[in-house]
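To keep things clear, I will list the structure first and then write my remarks on it.
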Amino acid sequence: MSPPQSGYLLGIGSNINPVKNIGSIISLLLDHYPQLTLSRVLKIPPIGMNSQHDFLNVVVFIETNSSEADLKMICNAIEVQLGRDRNDPDRKHKDRPADLDILTKAQFPDDLDRPTNSITDEYFLYPLLEEIAAFLSGNSFSLTQTGVEITSDSLTFGQTATTINRDTGSSNKRII
């Protein structure tokens, strides 16, 4: 059995130029963390806001010992870098280029059976949370919705769960 993995689950979304921005978010996260495990990327209609722009959403597991406060600072900086106005009091109800939410601290395999509704009330993320938990545990998982392919910085991801490692020696990123 592999050693436990501790870190955080993030819910990530974009509905302004979402293919480009999801790719940029993953690349920017890889600048801070050497390994990311991603669910597939799903196209989801906006919920709780008046918009004609569908979101692309993905759940990411970051294995790290960093504090939640440090991770939150990184997430907020990425949102701002990609054009989100974090000072707008109505920002939760507007289209956005980047939305990074820390869902929970998690440890795998201990949290494999944790109910998704105890992690978030954003029910549209439930299948992505189930997929990433299955992927991290080596279990099979079937999801009927096709993932959206994203290509960024010579990486292609989004159609299924995957792990991306940053090669710190050459600053290249690769999918395993």
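For region 41-56, check the following and say yes or no: at least one residue is exposed (fewer than 13 other Cβ atoms within 10 Å of the Cβ) and polar (S, T, N, Q). Yes. Summed over region 140-156, residues that are touching a residue at least 12 places away in the same chain (Cβ under 8 Å) and either polar (S, T, N, Q) or within 22 Å of Gln5 (Cα to Cα) (or both) total 7.
The residues listed here are Asn65, Asn87; of these, the one that is loosely packed, with under 14 Cβ neighbours inside 10 Å and under 18 Å from the mean Cα position of the chain (by Cα) is Asn65.
Of the residues making up region 157-171, those that are touching a residue at least 24 places away in the same chain (Cβ under 8 Å), surrounded by fewer than 17 Cβ atoms within 10 Å (Cβ to Cβ) and in a loop (DSSP other than H, G, I, E, B) are Gln159, Thr160, Thr168. Being under 15 Å from the mean Cα position of the chain (by Cα), surrounded by 13 or more Cβ atoms within 10 Å (Cβ to Cβ), assigned to a strand (DSSP E or B) and of a type in the set (Lys, Arg) is a property that Lys72 lacks. Those residues that are in contact with a helix residue (DSSP H, G or I) (Cβ under 9 Å, 6 or more places away or on another chain) and among the β-branched types (Val, Ile, Thr), I need them from region 93-134; list them, please. Within region 93-134, Ile102, Thr104, Thr116, Ile119, Thr120 qualify. Taken over region 77-110, the criterion of being assigned to a strand (DSSP E or B), within 17 Å of Met49 (Cβ to Cβ) and out of contact with any Leu (no Cβ under 7 Å at 6 or more places or on another chain) is satisfied by Asp99 alone. Looking only at residues of region 111-144 that are within 15 Å of the chain's Cα centre (by Cα) and in a loop (DSSP other than H, G, I, E, B), we find that the one that is farthest from Pro46 (Cα to Cα) is Ile119.
Is it true that Leu30 is aliphatic (A, V, I, L, M) and over 22 Å from Glu122 (Cβ atoms)? Yes, satisfied.
Read the figures in this text as sums done on the coordinates, not as results from a lab. For clarity, every value in this text was computed on a predicted model and none was experimentally measured. Note that each Cβ is placed from the backbone with ideal geometry, even for glycine, and that neighbours are counted across all protein chains shown.
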